[in-house]
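Trainee: Pasting in a structure now, in structure tokens, and then I'll have a few things to ask.
The values are calculated or read from the model by the stated rules, or taken from the named source; none is laboratory data. Source: prediction; values computed, not measured. Cβ sites come from the backbone with ideal geometry, for glycine too, and all protein chains shown count toward neighbours. Protein only, heavy atoms only, side chains kept; ligands, DNA and RNA dropped before computing areas. Shrake-Rupley method; radii C 1.70, N 1.55, O 1.52, S 1.80 Å.
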Amino acid sequence: MGKVIAIANQKGGVGKTTTCVNLAASLAATQRKILVIDLDPQGNASMASGVDKYQVDATAYELLVEETPFEQVVIPDTSGGYDLIAANGDVTAAEIKLMEVFAREMRLRNAIASVRGNYDFIFIDCPPALNLLTINAMAASDSVLVPMQCEYYALEGLTALMDTIAKLAAVVNADLKIEGLLRTMFDPRNRLSNEVSEQLKKHFGDKVYRTVIPRNVRLAEAPSHGRPAMHYDKYSSGAKAYLALAGEMIRRDENEQKTTDQNVEV
């Protein structure tokens with residue numbers, strides 16, 4: 001069964017969408033079957049995948065509110081090599097409409113339950129706020145990947161996010177855990193960045209990915225061309241970093257599976 005990962009941070013501009021599309025494309029390049037669900041009404045993950053958010057026939061709105069069948073909503077084989085459920089401004093209305101329905105926080109989980117087995121990984125690009133869309137993502141996910149910049153307010157914001165995730169786990173998804181913390185837009189010449197990075201490793205240990213995503217012009221340019229960085233400039237430092245992250249994630253998953261299998265045998 002596919003692993004569902006919400007990519008979330010209540011703070012905007014930390015690289016959530018960049019991480020979502022580039023990690024998805026990097027894993028797709030390893031011949032894994034990937035789905036990206038864009039839950040952000042800004043629709044940036046959709047545009048970065050080469051999909052015009054203004055021209056799509058159906059979005060996450062139809063999936064969540066109108067309960068349109070998955071196969072009528074999904075866009076197969078985007079420019080990143082993964083499938084996509086798109087988003088645009090209509091998704092803003094989904095939050096309002098969902099307030100009126102029963103078990104509203106479980107809508108996404110139920111919508112993808114029958115297709116989880118078709119994918120190796122499903123990534124959910126969350127909006128930068130704790131709203132009903134984010135709660136749906138958390139309820140549907142196995143874990144949360146947190147991209148963050150190594151800046152002054154990052155640790156304080158991370159503490160609040162961890163508290164939020166713990167509370168949501170207690171209410172809507174008892175199995176929800178932290179997948180990992182990803183340092184983004186990292187500048188090794190910045191002393192503060194290095195200090196915050198060390199604090200992260202000290203407090204969260206192996207939950208912090210070894211891979212660090214650097215500040216990179218190509219990463220910033222790629223979305224305007226409707227392509228993930230590895231399909232825009234595969235030799236850029238940003239593209240290489242996300243490929244390294246994909247490799248690290250695969251190794252972690254394989255190690256977790258080995259541990260699980262050994263525990264079952266015992």
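Trainee: If you check V101, V73, V51, which single one turns out to be over 18 Å from the mean Cα position of the chain (by Cα), among the hydrophobic types (A, V, I, L, M, F, W, C) and under 23 Å from P228 (Cα atoms)?
Mentor: V73
Trainee: Out of the residues in the stretch 33-66 that are farther than 19 Å from A140 by Cβ and among the charged types (D, E, K, R), which is least open to solvent (accessible area, probe 1.4 Å)?
Mentor: Only one residue fits best here, namely K53.
Trainee: Have a look at I135, I96 and point out the one that is of a type in the set (V, I, T) and either open to solvent by less than 50 Å² (accessible area, probe 1.4 Å) or within 24 Å of D253 (Cβ to Cβ) (or both). I'd like the intermediate steps shown before the answer.
Mentor: Numbers: I96 fails: either open to solvent by less than 50 Å² (accessible area, probe 1.4 Å) or within 24 Å of D253 (Cβ to Cβ) (or both).
Sole residue among the options that is of a type in the set (V, I, T) and either open to solvent by less than 50 Å² (accessible area, probe 1.4 Å) or within 24 Å of D253 (Cβ to Cβ) (or both): I135.
Trainee: Determine which member of the set A174, A129 is among the hydrophobic types (A, V, I, L, M, F, W, C), open to solvent by 10 Å² or more (accessible area, probe 1.4 Å), free of Cβ contacts under 8 Å to residues at least 12 places away in the same chain and out of contact with any helix residue (DSSP H, G or I) (no Cβ under 9 Å at 6 or more places or on another chain). Give the steps one after another, and end with the answer.
Mentor: Values: A129 fails: free of Cβ contacts under 8 Å to residues at least 12 places away in the same chain.
Being among the hydrophobic types (A, V, I, L, M, F, W, C), open to solvent by 10 Å² or more (accessible area, probe 1.4 Å), free of Cβ contacts under 8 Å to residues at least 12 places away in the same chain and out of contact with any helix residue (DSSP H, G or I) (no Cβ under 9 Å at 6 or more places or on another chain) holds for just one of A174, A129, which is A174.
Trainee: Would you point out which residue out of A28, A60, A8 is under 10 Å from the mean Cα position of the chain (by Cα) and either under 19 Å from A94 (Cβ atoms) or small (G, A, S) (or both)? Reasoning before the result, please.
Mentor: Values: A28 fails: under 10 Å from the mean Cα position of the chain (by Cα); A60 fails: under 10 Å from the mean Cα position of the chain (by Cα).
Step by step, each of A28, A60, A8 is checked, and only A8 is under 10 Å from the mean Cα position of the chain (by Cα) and either under 19 Å from A94 (Cβ atoms) or small (G, A, S) (or both).
Trainee: Now a separate question. Test D187 against the criterion of being touching a helix residue (DSSP H, G or I) at 6+ places or on another chain (Cβ under 6 Å) and either open to solvent by 50 Å² or more (accessible area, probe 1.4 Å) or acidic (D, E) (or both), and give yes or no. So that I can check it myself, show each step before the final result.
Mentor: On the way: touching a helix residue (DSSP H, G or I) at 6+ places or on another chain (Cβ under 6 Å): yes; either open to solvent by 50 Å² or more (accessible area, probe 1.4 Å) or acidic (D, E) (or both): yes.
So D187 passes the test.
Trainee: Would the stretch 221-238 turn up any residue that is closer than 30 Å to T78 by Cβ, of a type in the set (D, E, K, R), touching a Phe, Trp or Tyr at 6+ places or on another chain (Cβ under 8 Å) and open to solvent by 40 Å² or more (accessible area, probe 1.4 Å)? Show your work before the answer.
Mentor: Taking the stretch 221-238 first, the residues closer than 30 Å to T78 by Cβ are 221-238.
Now narrow it down to the ones that are of a type in the set (D, E, K, R): 221, 227, 233-234.
Those left that are additionally touching a Phe, Trp or Tyr at 6+ places or on another chain (Cβ under 8 Å): 221.
The next check asks that each one be open to solvent by 40 Å² or more (accessible area, probe 1.4 Å); those that pass are 221.
For the stretch 221-238, residues closer than 30 Å to T78 by Cβ, of a type in the set (D, E, K, R), touching a Phe, Trp or Tyr at 6+ places or on another chain (Cβ under 8 Å) and open to solvent by 40 Å² or more (accessible area, probe 1.4 Å): present.
Trainee: With the structure loaded, tell me whether S114 is open to solvent by less than 50 Å² (accessible area, probe 1.4 Å), assigned to a loop (DSSP other than H, G, I, E, B) and not aliphatic (A, V, I, L, M) or whether it fails that test.
Mentor: On the way: open to solvent by less than 50 Å² (accessible area, probe 1.4 Å): no; assigned to a loop (DSSP other than H, G, I, E, B): yes; not aliphatic (A, V, I, L, M): yes.
When the stated conditions are applied, S114 does not pass them.
Trainee: Here is a further query. Determine whether Y209 is crowded, with 16+ Cβ neighbours inside 10 Å and touching a His at 6+ places or on another chain (Cβ under 8 Å). Steps first, answer last, please.
Mentor: Values: crowded, with 16+ Cβ neighbours inside 10 Å: yes; touching a His at 6+ places or on another chain (Cβ under 8 Å): no.
Considered against the rule, which asks whether it is crowded, with 16+ Cβ neighbours inside 10 Å and touching a His at 6+ places or on another chain (Cβ under 8 Å), Y209 comes out as no.
Trainee: Still on this structure, please answer the following. Just one of E179, E151, E156 is over 16 Å from the mean Cα position of the chain (by Cα) and in contact (Cβ under 8 Å) with a residue 12 or more places away in the chain; which is it? Spell out how you get there, then give the answer.
Mentor: Numbers: E179 fails: over 16 Å from the mean Cα position of the chain (by Cα); E156 fails: in contact (Cβ under 8 Å) with a residue 12 or more places away in the chain.
E151 is the lone residue from the list that is over 16 Å from the mean Cα position of the chain (by Cα) and in contact (Cβ under 8 Å) with a residue 12 or more places away in the chain.
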